[in-house]
Ligand code: UDP
């Protein structure tokens, strides 16, 4: 709940009249993201969902968003990333089963790996390197999807899977290393804007409020198959850099740096 998306999801649910219990182990989350919720119908529990979750009382909806999600974060904490995607998904699904709650898994466009099919439809199985540095995130989320479908098929849990594409907006960490906050902070300081590779790789960018609205609607739907939420218009990373430089009126120049290993094209 104290991460970028979890905090916006909490806002959305509280505005919709829900009582919210927010969990976070604060590995990549930050209490500053949920400080404004003091006094609302919100309880914060500091907990790592890779451990058994004990919550009294009824629960209607469970949104499992716990995970490092930025490449620099999951490269720094690869084992925690694998554990929260596997053990954390198992525990949150177990809670959903026990409470007869609906469950939504935050999955990722990274399940497609470095895709060989464009654009990526949900029925494409992807092109993932399990043993590369990004494998810890991609495979954890692929396992999480498999576990979610197993709980759906075996235990009849009402499950939803959203595959989230690159999302941006307020509260994204300025130093989380991703293209939008990196380019914005570089442009605002008139520093070099660092494009990795030749900048021809594309991303599908979604504004956070659109994403959260889509996620809530998916939760209310009856779709247990995975659903992509992103943007039908892809941008190259070079276009993104140029747009941010233009919008900020910056004097920054674009500089090219090596493409990280297994960076999706
Ligand atoms: N990227 C870049 N410069 C940066 C940060 C990221 O060129 O300072 C590139 C990165 O290599 C990738 C794309 O921008 O090709 C999007 O990266 P991001 O980390 O935002 O998300 P990803 O989709 O790779 O998880």
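The values are calculated or read from the model by the stated rules, or taken from the named source; none is laboratory data. None of the values given here were measured: they were computed from a predicted structure. When we count neighbours, we look across all protein chains shown, and the Cβ atoms used for this are built from the backbone with ideal geometry, even at glycine.
See the values below:
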| read-out | value |
| --- | --- |
| Segments classed as helices (runs of 4 or more DSSP H), wholly inside the range 149-252, with at least 1 members that are near the ligand (Cβ under 10 Å from one of its atoms) | 179-188, 237-248 |
| The one condition in (1) in contact (Cβ under 8 Å) with a residue 60 or more places away in the chain; (2) crowded, with 16+ Cβ neighbours inside 10 Å; (3) in contact with a helix residue (DSSP H, G or I) (Cβ under 8 Å, 6 or more places away or on another chain); (4) within 24 Å of residue 166 (Cβ to Cβ) that residue 129 fails to fulfil | (2) |
| Meets criteria (touching a strand residue (DSSP E or B) at 6+ places or on another chain (Cβ under 7 Å), touching a residue at least 60 places away in the same chain (Cβ under 8 Å) and under 24 Å from residue 109 (Cβ atoms)) for residue 4 | no |
| Which listed residue, of 164, 174, is in contact with a helix residue (DSSP H, G or I) (Cβ under 6 Å, 6 or more places away or on another chain), within 25 Å of residue 1 (Cα to Cα) and either buried (at least 20 other Cβ atoms within 10 Å of the Cβ) or modelled with pLDDT under 95 (or both) | 174 |
